[in-house]
Each structure stands twice: as C-alpha cells, then as structure tokens.
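Let me begin by presenting the structure, written as structure tokens, before commenting on it.
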Amino acid sequence: MGPLLFLINVNDLPCASSFRTTLFANDTSLHLSHKDINTLQLNVQNELDKVHTWMRSDRLSINYNKTAYMILTATRS
C-alpha cells in the first residue's frame with residue numbers, strides 16, 4: 001500500500017478506541033494508563049478488541065513480529 005493511502009487509512013485510528021495514539025510515518029504507538037494493574041489489563045484488552053475490529057473493517061493487519069508492549073510503573077517492586 002502506498003504511503004498516502006496508508007496515512008488515509010490509519011488517520012482515523014485514534015477515533016476507534018480510548019488509547020492515546022501516536023502516529024509517525026508507518027509506526028503507531030498506543031498508550032493507556034491506570035493506577036490499578038488489573039483494571040489496566042482489562043481496559044487494554046477491551047481497547048485492543050476495538051482496534052482489532054477497526055483494523056478488520058479496513059482490511060489491515062498487525063505484524064506481530066514487530067509488535068511489543070511495555071508496562072511502566074512509578075513504584076519499585
């Protein structure tokens with residue numbers, strides 16, 4: 001898919017879920033925060049389901065070999 005067509009398709013991703021979304025060229029970052037890790041986990045899964053539905057409607061897919069996630073905390077364990 002050409003760069004312009006990609007940008008047109010991906011441009012409405014931030015409207016598909018409650019993730020804070022960062023789009024840069026062909027790279028996308030999704031951010032979500034919560035004080036409780038269990039609530040965060042549930043919220044992330046719900047929002048990922050929304051993104052998955054959005055992607056299927058535009059016939060897009062995720063390259064899982066280039067996908068990662070991080071959990072950041074301000075407290076030390």
Qualifying residues in the stretch 39-66 (those that are charged (D, E, K, R) and not in a helix (DSSP H, G or I)) - the one surrounded by the most Cβ atoms within 10 Å (Cβ to Cβ)
Asp58
I want to confirm something. Restricting to the stretch 10-26 and keeping residues that are surrounded by 16 or more Cβ atoms within 10 Å (Cβ to Cβ) and part of a loop (DSSP other than H, G, I, E, B), which single residue is modelled with the highest pLDDT?
Phe19
Pro3 vs. criteria loosely packed, with under 12 Cβ neighbours inside 10 Å and not aliphatic (A, V, I, L, M):
yes
Scan the stretch 1-40 for residues that are within 17 Å of Arg56 (Cα to Cα), more than 11 Å from the chain's Cα centre (by Cα) and of a type outside the set (A, V, I, L, M, F, W, C) and jot them down.
Asn9, Asn11, Asp12
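The values are calculated or read from the model by the stated rules, or taken from the named source; none is laboratory data. Since the structure is predicted, the reported quantities are computational estimates derived from the model, not experimental observations. Reconstructed Cβ throughout: ideal geometry from the backbone, glycine too, with neighbour counts over all protein chains shown.
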